[in-house]
Amino acid sequence: MGLFDKLAGAINDPNLQASVGQLGEILGSVQQTSNTQGMDASSTQAVLSALGGHVRSALQQKQASEGIGGVQNLINQFAGTGFNPQAVLALFSPDQQQQVTQAVSGATGINAATIQAMLPALIPTVLNFLKMGSTQGGASGQNPILSGFLDADGDGDVDLGDAMSMAGRFLNK
């Protein structure tokens, strides 16, 4: 089951935080970041796709050292739709930020300075997307969106850019 399927399931599950309104806020934040940088939707999707692998790797490392609870705590602390440089630092050291910026730039052909400028807006938004699978009211339980993003079953079927693109089509139907 792909990441978007897990998102759709979470929206339909009253025990999880996901809602159409929250998804709209997340996509609006991505669109605003894209507009601020003068980028089109396909370029932003490419950035999210390339960035998603680095976020997943950072969260998998956190999961290995602190467990899934540590990952969920990080997401709860830094999820949002605003500009937050601390969210970037929570995932990536300054050296890692440079590596991620260069890798995403190389994968997309977008200037590294543009990628660097987008990170403090995109990282909290990505974390907010992952938070949508959290249970209502802080109850404990599995987060299917986070599990899908971390690809717990190892099938490799994870692409954040595609999931956001499908979410946009879902909201505009």
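Each value in this text was obtained by applying a stated rule to the coordinates, not by laboratory testing. Everything numeric in this text was worked out from a predicted model, so none of it was measured. FYI the Cβ positions are ideal-geometry reconstructions off the backbone, even for glycines, and counts take in every protein chain you see.
Mind checking the dipole of the chain: about its Cα centre, +1 per Lys or Arg Cβ, -1 per Asp or Glu Cβ, Debye to the nearest 20?
About 320 debye.
Once whole DSSP H runs in the chain are found, which of them have Cα atoms spread over 20 Å or more along the helix axis and a mean Kyte-Doolittle score of at least 0.5?
112-131
Taking the Cα-to-Cβ direction at GLN98 and at GLN31 and moving 7 Å from each Cα, how far apart do the two end points lie in nm?
Rounded to a tenth, the inter-label distance reads 3.7 nm.
How much length would be gained if the chain were fully extended between ASN111 and GLN86, taking 0.36 nm per residue of separation minus their Cα-Cα distance, in nm to one decimal?
6.8 nm
Of ALA117, GLY52, GLY148, which is farthest towards the positive pole of segment 3-171's charge dipole, taken about the Cα centre with +1 and -1 on the beta-carbons of Lys, Arg and Asp, Glu respectively?
Working it through, the farthest residue towards the positive pole turns out to be ALA117.
With each label point set 7 Å from Cα along the Cα-Cβ vector, what nm distance links THR135 and ASP5?
Distance between label points: 2.5 nm.
Would you be so kind as to identify which of GLY80, PHE92, PRO14 lies farthest towards the positive end of the dipole of the chain, taking Lys and Arg as +1 and Asp and Glu as -1 on Cβ and the Cα centre as origin?
Looking along the dipole axis, the top candidate is GLY80.
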